[in-house]
Amino acid sequence: MSSLVHGDDGRARCGWVGSDAEYQRYHDEEWGTPLHGDRALFEKMSLEGFQAGLSWITILRKRPRFREVFAGFDPETVAGFGADDVERLMSDAGIIRNRAKILATIGNAALVRDMAGGEFDAFMWSFAPEPRPRPAAFADVPAVTAESTALSKELRKRGFRFVGPTTMYALMQSAGMVDDHIAGCWRALDLSTG
């Protein structure tokens, strides 16, 4: 994979974007932008968990339906889902129909619901590493770090599921806890000056 790709708009972007318009939008508007809020981070954790073993573009294209059937990822509401909801979700072709991931999302929602307001956000962000040198190439971007491993370990200790170190590093990247935009990417330049 090339470290950078150039879009029709002339902008250089991280190579994983390719030529897909939805990926470009996600890269330009969301990926690497600091994300806060218990609900927003619970959604990100849930979708990253559903992504395990699949491509992110699959999740991105299904995200509107995920949001609809998971009540906007409101932890209070999702924590209250019962057996009928699980069966409803298992029959919905608009999402990833994986019973273990659905049950994990419901269980994780209960854990977030039981925290004080803002506690989940503060907890997640407490694992954000200090800024490090910008990756020069895609090959310089890790899949796992000491911080994502520590976050995964602590989440599992608290009872969260589908929160492995690789999944948590992907969350850290997408939620802006780390900035892995490749040197030369227009977002890297934008973030450096903004």
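The values are calculated or read from the model by the stated rules, or taken from the named source; none is laboratory data. Keep in mind that this is a model prediction, so the values were computed, not measured. Don't worry about glycine lacking a Cβ; one is built from the backbone with ideal geometry, like all the others, and counts go over all protein chains shown. Please note that ligands, DNA and RNA were not included when accessible areas were found on the heavy atoms of the full protein model with its side chains. Shrake-Rupley method; radii C 1.70, N 1.55, O 1.52, S 1.80 Å.
Computed values, structure above
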{"item": "Arg161 being closer than 18 Å to Ser46 by Cα, in a loop (DSSP other than H, G, I, E, B) and either open to solvent by less than 20 Å² (accessible area, probe 1.4 Å) or not small (Gly, Ala, Ser) (or both)", "result": "yes"}
{"item": "Selection within region 73-86 - assigned to a helix (DSSP H, G or I) and surrounded by 12 or more Cβ atoms within 10 Å (Cβ to Cβ)", "result": "Phe73, Pro75, Glu76, Thr77, Val78, Ala79, Asp85, Val86"}
{"item": "Number of the exception - Gly82 against (1) closer than 26 Å to Gly159 by Cα; (2) modelled with pLDDT under 95; (3) not β-branched (Val, Ile, Thr)", "result": "(2)"}
{"item": "Residue check for Phe127: among the aromatic types (Phe, Trp, Tyr) and either closer than 24 Å to Ser55 by Cα or in contact with a Cys (Cβ under 6 Å, 6 or more places away or on another chain) (or both)", "result": "no"}
{"item": "Matching residues in region 112-132 - criterion: being surrounded by fewer than 17 Cβ atoms within 10 Å (Cβ to Cβ) and among the acidic types (Asp, Glu)", "result": "Asp114, Glu119, Glu130"}
{"item": "Complete set of residues in region 48-72 that are open to solvent by less than 40 Å² (accessible area, probe 1.4 Å), among the aliphatic types (A, V, I, L, M) and touching a Ser or Thr at 6+ places or on another chain (Cβ under 6 Å)", "result": "Ala52"}
{"item": "Filter result for Pro135 (crowded, with 17+ Cβ neighbours inside 10 Å, farther than 25 Å from Ala79 by Cα and in contact (Cβ under 8 Å) with a residue 24 or more places away in the chain)", "result": "yes"}
{"item": "Test: residue in region 177-185 that is in contact with a His (Cβ under 9 Å, 6 or more places away or on another chain) and either aromatic (Phe, Trp, Tyr) or under 23 Å from Ile59 (Cα atoms) (or both)", "result": "yes"}
{"item": "Residue check for Ser19: modelled with pLDDT under 95 and in contact with a Gly (Cβ under 9 Å, 6 or more places away or on another chain)", "result": "yes"}
{"item": "Region 87-98: number of residues that are assigned to a helix (DSSP H, G or I) and free of Cβ contacts under 8 Å to residues at least 12 places away in the same chain", "result": "1"}
{"item": "Tally of residues being assigned to a loop (DSSP other than H, G, I, E, B) and either among the aliphatic types (A, V, I, L, M) or without any contact (Cβ under 8 Å) to a residue 24 or more places away in the chain (or both) across region 43-72", "result": "4"}
{"item": "Inter-residue pairs, beta-carbon under 8 Å, first farther than 10 Å from Trp125 by Cα and assigned to a loop (DSSP other than H, G, I, E, B) and in region 27-42, second modelled with pLDDT of 95 or more and among the polar types (S, T, N, Q), 6+ apart", "result": "Glu30/Ser174; Trp31/Gln173; Trp31/Ser174; Gly32/Gln173; Gly32/Ser174"}
{"item": "Flag if Ile106 is of a type outside the set (Phe, Trp, Tyr), assigned to a loop (DSSP other than H, G, I, E, B), closer than 25 Å to Ala83 by Cβ and open to solvent by less than 40 Å² (accessible area, probe 1.4 Å)", "result": "no"}
